[in-house]
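Undergrad: The structure's right below; bear with me while I get my questions together.
The values are calculated or read from the model by the stated rules, or taken from the named source; none is laboratory data. Not measured: the values here are computed from a predicted model. Please note: Cβ atoms are built from the backbone with ideal geometry, for glycine as well, and neighbour counts cover all protein chains shown. Surface areas here come from the heavy atoms of the whole protein model, side chains and all, with no ligands, DNA or RNA. Shrake-Rupley method; radii C 1.70, N 1.55, O 1.52, S 1.80 Å.
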Amino acid sequence: MYAVLLGGASVTPQGIGDLVRAMNPGMPGNPLASLAEYTDQDVPDGPTAFRPEGGMTTIPEGDVRDVLQQLVVATPLDDLHAAWMAAEGIRDWAWDLCKRVEAELDAGKFGEALAEWAPSRTLLASISLLTALRNRRWSPADHATSALYLLLMRQGLRALDEQIPGCQWEILDTPGMLPPPLKPLLRM
């Protein structure tokens, strides 16, 4: 709730690391958590996405609900449609992946589905997997909210790219880092 009401002001390197670790508590180490927590310390004189007083500069401050409402007004219809389709594609991908994994487990063999699922469960795609699977009934409001969060993510990544040129965007192509249906939206 804190992040919803404060937006970027509540996002810190330590908070990102804690969240990523909480999503995968059994991992002995988490490279994404370390990347979030220590990048600014590793390059102290370099550009940063975090304010000295705390908070992330690429996520608007304030109540996220207000930010999302402004995003709807300012976003071209084609982009809203693309985000809607990406949200639907991510949900379909997550359900299909889990069905394929269950089929492989039932058959007692390790195949393509398990190879795709394993990194997707431990990297950023896990958020999409868990979100899609937690609710079998997906209302139009849920669909719209997912689409808006995807647009907010894209906006934040674009802001980050402007603030810190030369980001290692190829990391996003690492298997399991992002759900495949999200990548075209981020590249728009």
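Undergrad: Excluding ligands and nucleic acids, what accessible area in Å² is computed for Trp169 using a 1.4 Å probe, to the nearest 10?
TA: My reading of the accessible area for Trp169 is about 80 Å².
Undergrad: On a full-extension model of 0.36 nm per residue, what is the gain between Asp66 and Leu133, subtracting their alpha-carbon distance, rounded to one decimal in nm? Before the final figure, lay out the partial values.
TA: Details: separation 67, 0.36 × 67 = 24.12 nm, distance 2.69 nm.
Answer, rounded to one decimal: 21.4 nm.
Undergrad: Mind checking the dipole of the chain: about its Cα centre, +1 per Lys or Arg Cβ, -1 per Asp or Glu Cβ, Debye to the nearest 20? Numbers along the way, then the final one.
TA: Values: 15 positive and 24 negative charges, 116 e Å.
Value, rounded to 20: 560 debye.
Undergrad: Which of the following values of semi-axes √(5λ) of the Cα gyration tensor in Å was calculated from the structure shown: [x] 39, 18, 13; [y] 29, 17, 15; [z] 28, 22, 15?
TA: Entry [z].
Undergrad: At what distance in nm do the modelled label points of Ala144 and Val73 sit from each other, each positioned 7 Å from its Cα along Cα→Cβ?
TA: That separation, rounded to one decimal, is 1.6 nm.
Undergrad: While we're looking at this one, here's another question. Determine the order of Glu104, Glu61, Glu116 by accessible area, beginning with the largest, at a probe radius of 1.4 Å.
TA: Numbers: Glu104 25, Glu61 105, Glu116 55 Å².
Reading off the accessible areas and sorting them downward yields Glu61, Glu116, Glu104.
Undergrad: Would you work out which of Cys98, Ser120, Leu151 lies farthest towards the positive end of the dipole of the chain, given +1 charges on the beta-carbon of Lys and Arg and -1 on that of Asp and Glu, about the Cα centre?
TA: Positive-most Cα among the choices belongs to Cys98.
Undergrad: Give the relative contact order (percent, whole number) for the chain; include only Cα pairs under 8 Å separated by 6+ residues. Each step should come with its number before you reach the end.
TA: Working: 194 pairs, mean separation 50.1, N = 188.
Contact order relative to length: 27 percent.
Undergrad: A further question on this structure: Counting only residues 5 or more places away or on other chains, whose amide H sits under 5 Å from the amide H of Glu61 once H atoms are built in the peptide plane?
TA: Amide H neighbours of Glu61, under 5 Å, 5+ apart: Gly8.
Undergrad: For the stretch 169-183, in order, what is each residue's ³J(HN,Hα) by Karplus, 6.51 cos²θ - 1.76 cosθ + 1.60 with θ = phi - 60°, in whole Hz (x at glycine and Pro)?
TA: Ordered by residue, 3J(HN,Hα) equals 5, 5, 4, 5, 8, 4, x, x, 5, 10, x, x, x, 7, 4 Hz.
Undergrad: Could you grab the relative contact order for the stretch 86-166? Cα pairs under 8 Å, six or more apart, rounded to a whole percent. It would help to have the intermediate numbers written out before the result.
TA: Details: 33 pairs, mean separation 29.4, N = 81.
It comes to 36 percent, rounded to a whole number.
Undergrad: Would you calculate, for the chain, the mean residue ellipticity at 222 nm contributed by helices, counting each DSSP H stretch of 4 or more residues as -39,500 (n - 2.57) and dividing by all residues, to the nearest 500? Show your work: numbers first, answer last.
TA: Numbers: 9 runs with 119 residues, N = 188.
That comes out to -20000 deg cm²/dmol.
Undergrad: Under 5 Å between amide H atoms, partner at least 5 residues away or on a different chain: which partners does Phe50 have, H built in plane at 1.01 Å?
TA: Answer set, sorted by chain and number: Thr57.
Undergrad: Just to verify a number: FRET efficiency for Lys183 and Leu105, C-beta to C-beta distance, R0 = 22 Å, to 0.05?
TA: The value I calculate is 0.20.
Undergrad: Once phi is turned into θ = phi - 60°, what whole-Hz ³J(HN,Hα) does the Karplus curve with 6.51, -1.76 and 1.60 give for every residue of the stretch 17-30, x standing for Gly and Pro?
TA: Rounded to whole hertz, the list is x, 4, 5, 5, 5, 5, 6, 9, x, x, 6, x, x, 9.
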